[in-house]
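Data block below; observations after.
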Amino acid sequence: MDGLRVLAAHLIVLHHLVTNGPLGQTLQPLWPGLFQLLHDHGRYATQVFLVMAGYLSAVALLGPQPPSVVRNIGKRYARLMPAYLLAILMVALVVTCLRPWINQDWLTEPPTLQQWLSHALLIQSLIDQPAMTVGAWYVAIDFQLFVVLNVLVWGLLRLGFKQGSVLISLAVLCLASQWVFNRNPDGDVWALYFFESYGLGAVLAYAMHDPRGNVPARGVLLLCMCSAVVAGLIYPRPRLLISVAVCALLWWGVYRWRPPAALSRWLQRQSDASYSLFVTHFIPLVV
């Protein structure tokens, strides 16, 4: 799991390096195939983060008692914000200082007060505010998805439903995203657009931990995975196929792959730093 996260974070960095700045202009004539791969498909590495975020968030909610929604959401916000706010602050300062010497159309414009507030509240995409840094959209979507998952689990358990009903509800949302919400490109500012990946990760958590109940969790997971493959082929969307591949790797890897202790510790350290790398790498890219 840590290895996938580290790989995805570095692919995102490489994608932005070839998309923004002079590296892409240098790489394209030398290795056009590599340039095309990173430029056109590198962004799909975010599917790794989405599937894993759904899995890890759902694992924490597998207990029989309703979660503390306000506390969980507050903790998630507090965890996301320090590196994120530091990133947008540093990007704003660096761009302001270097703008006279760097005349590139991919540089962010000087931020307004409305931009600052919308980014702090993670609603910038919802109110059509320009992103202050690359990756800002993902932080906002991650928070939205976390809120949806926690509210859904809390609501169903409070109403007396069991975890089996929660699993079915997650699967229904996942399928709806695959076939409806994810097909609308204008919906990519909302959580349900990305629930095709996040939901797969959440259902995977149930399948791997197999909570008590009369719902065959692994069968539900296989249904969601097969549905994603079919939907991704009928309405061509490589991101769905990548999400299935990530889900399958996680399912297989947790049971089978046991790296040496030294490698495991190194991967864990790199994995812990992957979020900070994801949100802050635009700063040296500008420089």
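Please indicate, with yes or no, whether at least one residue in region 2-15 is in contact with a helix residue (DSSP H, G or I) (Cβ under 7 Å, 6 or more places away or on another chain), among the acidic types (Asp, Glu) and assigned to a helix (DSSP H, G or I).
yes
Residue by residue, here is whether (1) charged (D, E, K, R); (2) at pLDDT 85 or above; (3) more than 21 Å from VAL189 (Cα to Cα) holds:
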{"residue": "LEU93", "(1), (2), (3)": "no, yes, yes"}
{"residue": "PRO100", "(1), (2), (3)": "no, no, yes"}
{"residue": "ASP105", "(1), (2), (3)": "yes, no, yes"}
{"residue": "ILE123", "(1), (2), (3)": "no, yes, no"}
{"residue": "ILE127", "(1), (2), (3)": "no, yes, no"}
{"residue": "PRO130", "(1), (2), (3)": "no, yes, no"}
{"residue": "ALA136", "(1), (2), (3)": "no, yes, no"}
{"residue": "VAL139", "(1), (2), (3)": "no, yes, no"}
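Are there any pairs with C-beta distances below 7 angstrom linking a residue in region 65-85 that is under 13 Å from VAL151 (Cβ atoms) and of a type outside the set (Gly, Ala, Ser) to a residue that is outside any helix (DSSP H, G or I) and modelled with pLDDT under 95, with the two at least 6 apart or on different chains, and if so which?
Filtered contacts from region 65-85: PRO67/LEU61.
Can you pull out the residues in region 168-207 that are under 19 Å from VAL69 (Cβ atoms) and in contact (Cβ under 8 Å) with a residue 40 or more places away in the chain?
Of region 168-207, the ones under 19 Å from VAL69 (Cβ atoms) are 169-170, 173, 191-192, 195, 198-199, 202, 205.
Scanning region 168-207 gives LEU170, ALA191, LEU192, PHE195, TYR198, GLY199, ALA202, ALA205.
Tell me, yes or no, whether region 197-214 has at least one residue that is surrounded by fewer than 19 Cβ atoms within 10 Å (Cβ to Cβ) and of a type in the set (Val, Ile, Thr).
no
Examine region 100-114 for a residue that is surrounded by 13 or more Cβ atoms within 10 Å (Cβ to Cβ) and not in a loop (DSSP other than H, G, I, E, B), and state whether such a residue exists.
Step one: of region 100-114, the residues surrounded by 13 or more Cβ atoms within 10 Å (Cβ to Cβ) are 102, 106-108, 111.
Keeping just the survivors that are not in a loop (DSSP other than H, G, I, E, B) gives none.
Within region 100-114 (the criterion being surrounded by 13 or more Cβ atoms within 10 Å (Cβ to Cβ) and not in a loop (DSSP other than H, G, I, E, B)), the answer is no, since none of the residues qualifies.
What are the pairs, 6+ residues apart or on separate chains, where a residue within region 1-24 that is at pLDDT below 80 has its Cβ under 6 Å from a residue that is part of a loop (DSSP other than H, G, I, E, B) and among the aromatic types (Phe, Trp, Tyr)?
ASN20/TRP106
The values are calculated or read from the model by the stated rules, or taken from the named source; none is laboratory data. Everything numeric here is computed off the predicted structure, so don't read it as measured data. Cβ atoms come from the backbone with ideal geometry, glycine included; neighbour counts cover every protein chain shown.
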